[in-house]
1. Sorting check: for 155-161, 284-290, which peptide has the highest mean count of neighbouring beta carbons within 10 Å, and how do the rest follow?
2. With θ taken as phi - 60° and the coefficients 6.51, -1.76 and 1.60, list the Karplus ³J(HN,Hα) couplings across region 164-181 in order, rounded to whole Hz; mark glycine and proline as x.
3. Show the residues, 5+ positions off or on another chain, whose built amide H is closer than 5 Å to the amide H of GLN318.
4. Taking a threshold of 29 Å on the Cα-Cα distance, which of the pairs LYS171/LYS218; LYS68/LYS169; LYS185/LYS313; LYS147/LYS171 fall above it?
5. When we measure straight from the Cα of LYS154, which lysines land under 22 angstrom away, once same-chain ones fewer than 8 places off are left out?
Amino acid sequence: MTYTVSLVFDFAYTSKDYLGLTYILVGETQPLTVYHVDKREDGWLVADLYQFTCDGKNVDHEIMFNCKCLLEVDGIEFQPLERVEHEVLNDENMDMQSRSHSDTYWEQKLPKDCEEIIMWSKDRVSWTTKKELYSILCKGFLINDAKEWFSLEKSGKKCYMVPARVALKRKEWRWRSLPKSRFGKVALDPLGSFSINCSSKMLSPQTTYACYLVYKLKQNHVSPVKVNNVMSTAPYHTHTWYIYLLSPQIPIIRPKVHHNTHKPLNRSKKKGLPQERNDGWMEVQVTEFQTDTTNELIFENLQLTFPENKRHKGLIVQGIEFKPV
C-alpha cells in the first residue's frame, strides 16, 4: 500500500494562502519546499510532504523542518493514496456513436445562435444532421478571422478562447510566431507581473465560468503565482489568491536503496493547480465568475505576479479560455 504523509497544522496569529515550508528527509541530501495546502472539513490545513510504499514492516520516518513562520501543529497524517481518474473529453466520452436520438434531441443541445456562430467560422462548416453539427461545435473551430476559438461543452454551454495578443498587454511580454498554436503567435518570458484584460459576448447567460491560462512551461516553476483582482468600482477592494504553474512534486520513498524518485502529486482537478490538456498544452484556473442575462464578460485589473517580481523565462502563453464549471 502506498501512503501519502502530510503535515496537519494551522498558522499561528496570522492567515496565509500558501505555506513555503522547507524540510528534508533524514538520509536525503536535497531540501524540499512545500507551498500548496488544502483545508480539511474540521478546519485544519494539510500539506503533503512525501509518499512511501509500506511492505508490512515497521517504518521509521524522520523529517527536519526549517520553519520561518509560526505554526500550530496538530500531527502527522498517513493516508492511502487515492487513484484519480481524469476525465478526457473525446468522442468516446460523449458516447455519440452509440446514441440514435432524433434531430430534435441534438437540436436542444445547440445554442440558439449557433447558425450565426457558424457564419463567423474561419473555414466553411457543413453538416447533414443536427448530431453532426453538435459534434463539430464540441470539437471547436476558429472564428472572427482566426482571432478567437469557439467550442461547446457537452452540456451545450459555450466555451470561448481569446489569443494572448488580445488578453495580454504587449509591453509586458516578448512575442513570437508558433505554428503549433491555434492563433499563430504566442506570448513568452513575461515581466515580473502581467495583467489579463478581455471582453466578450460569446458566453452562455446565467452560467458560472472558470477562466484558464493556457500555457507551456520550459523551466520548472514551483513557487506560487499571486493573483490580485482590483475591483473597478467602489469600494475598490483587492482580492488576493495564489495559483501554480507546475503541479506540486513530492519524493517517493521506495523500499530499496537508491529507488527514491520525485513525481507530481496525484490530485483531482482543483482550483489553482495545473492540468494537462488533450492538445498538449497546460491550463490552470485563474478565477471564476458568473454571467448575467446579457452574457457579457468584461475582465479588467486581474494582475498576476511572480515571486521576487522578476522576468519569468520559459513561460509561453497561447491564450485565455473560458469554460463552464
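All of the numbers you see were taken from the coordinates with simple rules; none came from a lab. What you see is a predicted model, and the numbers here were worked out from it, not measured in a lab. Cβ sites come from the backbone with ideal geometry, for glycine too, and all protein chains shown count toward neighbours.
1. With the highest mean Cβ count within 10 Å placed first, the list reads 155-161, 284-290.
2. 4, 5, 8, 8, 10, 7, 4, 5, 8, 9, 9, 9, 7, 7, 9, x, 6, 7
3. It is VAL214, TYR215, LYS216, by chain and number.
4. The answer is LYS68/LYS169.
5. Cross-link targets: LYS109, LYS112, LYS130, LYS131, LYS139, LYS201, LYS269, LYS270, LYS271, LYS323.
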